[in-house]
1. Name the residues in region 122-140 that are within 14 Å of the ligand (Cβ to nearest atom) and among the hydrophobic types (A, V, I, L, M, F, W, C), would you?
2. Across region 28-55, what is the number of residues that are under 19 Å from PRO80 (Cα atoms) and among the aromatic types (Phe, Trp, Tyr)?
3. Considering every residue within region 155-170, establish whether at least one is buried (at least 19 other Cβ atoms within 10 Å of the Cβ), in contact with a His (Cβ under 7 Å, 6 or more places away or on another chain) and part of a loop (DSSP other than H, G, I, E, B).
4. Residues that are at pLDDT 95 or above, touching a helix residue (DSSP H, G or I) at 6+ places or on another chain (Cβ under 6 Å) and either hydrophobic (A, V, I, L, M, F, W, C) or in a strand (DSSP E or B) (or both): does region 108-127 have at least one?
5. Tell me, which residue of region 147-194 that is free of Cβ contacts under 8 Å to residues at least 60 places away in the same chain and among the hydroxyl-bearing types (Ser, Thr, Tyr) is nearest to TYR137 (Cα to Cα)?
6. Going through region 141-152 one residue at a time, which ones are in contact with a Pro (Cβ under 9 Å, 6 or more places away or on another chain) and within 13 Å of the ligand (Cβ to nearest atom)?
7. Any residue in region 125-142 that's more than 19 Å from GLY77 (Cβ to Cβ): show its pairings with residues that are in a loop (DSSP other than H, G, I, E, B) and modelled with pLDDT under 95 at Cβ separation under 8 Å, as long as the two are six or more apart or on different chains.
8. Just a yes or no: is a residue in region 20-27 surrounded by 20 or more Cβ atoms within 10 Å (Cβ to Cβ), within 15 Å of the ligand (Cβ to nearest atom) and closer than 17 Å to ARG87 by Cα?
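The values are calculated or read from the model by the stated rules, or taken from the named source; none is laboratory data. Everything numeric in this text was worked out from a predicted model, so none of it was measured. Heads up, the Cβs are rebuilt from the backbone with ideal geometry, glycines too, and the neighbour counts pull from every protein chain shown.
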Amino acid sequence: MAHISNLAASEQVFTSNVFLVDGDRTVLVDPGNEFDVVSKIESRTGGLDAVVLTHTHHDHIGNTGAVTEAFDVDVWGFDPDHDLVDREIEADTTITLGDHDYRALHTPGHKDDHLCFLRTDGETVFAGDLVFANGGYGRTDLDEGDHPRLVESIERLLDATDDSLDSLHAGHGPSIEREARHHIELALRSAQMG
Ligand SMILES: [Zn+2]
């Protein structure tokens, strides 16, 4: 049983999804923006061990200061030069989220510092804004957006996964709980045409 909950599920503000991954190492994947995420964390778990960022767009990180102040935790992300990042996650290193190890895949195209986190047993991925359920994919019209790089990154994610991938937790929209690789294939096909 995976202990992953989306704390932004009922929010109607400009925020990304916010995943609390409970377990040996309780981690918040993307703090979100414009809502009281601290009280939601407090009502669900005893504390927080780290904040991990998929990337540093404002809708994913606006709540970061409130979270680090409340729980006194470090923020982990790809770009150590970013103001909010205390600890660097290098490409292809392993980090623990909840009770499982995940490999960090550097997946630029939507933003240069974008990471996906793929469980080392291949069952779950946090996809950030690279791909979404039902074949959606990240926009590339913002600063650092690059459509060919996005397509390459989706290919890299697809290559890193196999049919054992069940769950996909993306930065926006619903999570997928079965046959998630199919959604990445759909996203690749739409992005290649887009
Ligand atoms: Zn984004």
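1. PHE126, ALA127, LEU130, VAL131, PHE132 - these are the residues of region 122-140 that are within 14 Å of the ligand (Cβ to nearest atom) and among the hydrophobic types (A, V, I, L, M, F, W, C).
2. Number of matching residues: 0.
3. No, region 155-170 contains no residue that is buried (at least 19 other Cβ atoms within 10 Å of the Cβ), in contact with a His (Cβ under 7 Å, 6 or more places away or on another chain) and part of a loop (DSSP other than H, G, I, E, B).
4. yes
5. Within region 147-194, the match that is nearest to TYR137 (Cα to Cα) is SER190.
6. Within region 141-152, GLU144, LEU150 meet the criteria.
7. Filtered contacts from region 125-142: TYR137/GLY194.
8. no
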